[in-house]
1. Would you list which aspartates and glutamates come within 12 Å of LYS52, measuring only between C-alpha atoms, while excluding same-chain residues fewer than 8 positions from it?
2. Fewest to most neighbouring Cβ within 10 Å: what's the order for LYS389, LYS442?
3. Neighbour counts of other C-beta atoms within 10 Å: give me PHE90, PHE224, PHE266 arranged from fewest to most.
4. Determine the calculated [θ] at 222 nm for the chain from helices alone, applying -39500 (n - 2.57) to every DSSP H run no shorter than 4 residues and normalising by the residue count; nearest 500 deg cm²/dmol.
5. Can you classify the range 46-153 as rounded, prolate or oblate using the Cα gyration tensor, where a ≥ b ≥ c are the square roots of its eigenvalues, rounded means a/c under 1.5, and otherwise it's prolate if a/b beats b/c and oblate if not?
6. Among all the aspartates and glutamates, which ones have a C-alpha under 14 Å from LYS212's C-alpha, if same-chain residues fewer than 8 places away are not counted?
7. Give the residue list of chymotrypsin sites (Phe, Trp or Tyr not before Pro) in the range 298-380 that are DSSP loop and have at most 13 other beta-carbon atoms within 10 angstrom.
8. Using a cut-off of 14 Å between alpha-carbon atoms, which aspartates and glutamates can reach LYS361, once sequence neighbours fewer than 8 places away in the same chain are excluded?
Amino acid sequence: MSEAKLTTAQLQALDAAHHLHPFTDHKELGGRGTRIIERASGVYLWDSEGNKLLDGMAGLWCVNIGYGRRELADAAHRQMLELPYYNSFFQCTHPPAVELASAIAEQAPAHMQHVFFTGSGSEANDTVLRMVRRYWDLQGQPARKTVIGRINGYHGSTVAGASLGGMGVMHEQGDLPIPGIEHIAQPYWYGEGGDMAEDEFGLWAARQLEEKILQLGADKVAAFIAEPIQGAGGVIVPPATYWPEIQRIVDQYGILLIVDEVICGFGRTGEWFGSQYYNIRPDLMPIAKGMTSGYLPMGGVIVGDRVARALIDDGGEFFHGYTYSGHPVAAAVALENLRILRDEGIVDYARDQAAPYLQQKIAQLGEHPLVGQARGVGMLGALELVKNKATRERFPGKGAAGTLCRDLCVENGLVMRAVGDSMILSPPLVIQPQEIDELFDKAWRTLNRAAELLG
Ligand SMILES: *Cc1c(COP(=O)(O)O)cnc(C)c1O
């Protein structure tokens, strides 16, 4: 390899020649060339052309403490020299995995005191499916196999993750879902609520779960899985009536509740976990993303007492695990990330200062003529682009307006993601008020320009 730094054009050519990207139309990408992000600090990114971008997405919903924290690099460096790898199979463990499990248990709801480590959020959901089925086998109810998820839910991209999720385009390409997984409607009031009042629609959407349970037979249903707030589906905030009714239904029928905290966990809602924000009692919580603030890949499942006791007390061996379960370097980085979130009061800062201000600004963006609904919770937000605010009529071209707006955003120095025609925000939790002002100004200017172009 040559010593000279590759130019943008060289990197783009090599990228096109050798690199297959996740969730990408390569032919379209080939036409425009990839954007090369070279470095980052705080809430800002710099690309290979020297452009500075405000990262309104915290990478991919994960860089909760912001970029450039030397403490995490030091933790990784120290741990690599001390013990770069060892497994936690065969009656072994190592200090970082032990300390991390204990630190997570401290922040988790009181009835959730065990952690199973994975390499990612998708793997966490594979683990969940295995664990749920194992649990019911151990209860002597092996017919309880079916897991109910939601249309437009996202639980990752492995076979189990994509099956539990309800993304039609993913199902089509993989002959998914695998057997034993069913989907119900999502609590998406703005898009699907019709003439119902929001609270009424929330109850209706929750009761789809009860209907599905009755249709399948309660003795066939193992669990219900949902994100507290759907992330990849477009930051869909459920009506206030939704979660209490879901809790009633899972309690009444005795099925396990899996709350996918991969985005909502580690402060995103202003609480440590989205389950605490909504005051729900999960049996299992898949985690990843903010767990390490994305500095290294790692995920896990926080396991409630009901399932943990069954696995521990009468489980025998559970034939499941990953080479990198509890990887010591990732665990050391996660531990340092948790320490920073806690000691610097970042979750409290998000709840008490950043989130109220961000939500005020998101509501202000909702006044733009192009925005049909602005919504959000904590450090999550969405702006739905519509052609007609009053009738909620959308632009033609299914997502074309969102894509246009996303590209204009980047030109204006702001990263927002588009999900269909919804513009998504999920900035680092540490974003400062003046940076939120900057985000607002850039978003407003982008909306003005988009409105001009969309006519
Ligand atoms: C991102 C995400 C996943 C998948 O995590 P990966 O680390 O990409 O495998 C699972 N569930 C939710 C809710 C997510 O947002």
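Each reported figure results from applying straightforward, stated rules to the coordinates on display, with no laboratory input. Keep in mind that what you see is a predicted model, and the values were worked out from it rather than measured. Here the Cβ positions follow ideal geometry from the backbone for every residue, glycine too, while neighbour counts run over all protein chains shown.
1. GLU38, GLU411
2. Arranged by neighbour count, lowest to highest, LYS389, LYS442 become LYS389, LYS442.
3. PHE90, PHE224, PHE266
4. -12500 deg cm²/dmol
5. oblate
6. By straight Cα distance, LYS212 reaches GLU182.
7. Listed in order of number, the matching sites are PHE319.
8. Of all the aspartates and glutamates, those that pass the test against LYS361 - Cα under 14 Å, at least 8 places apart if same chain - are GLU435, ASP437, GLU438, ASP441.
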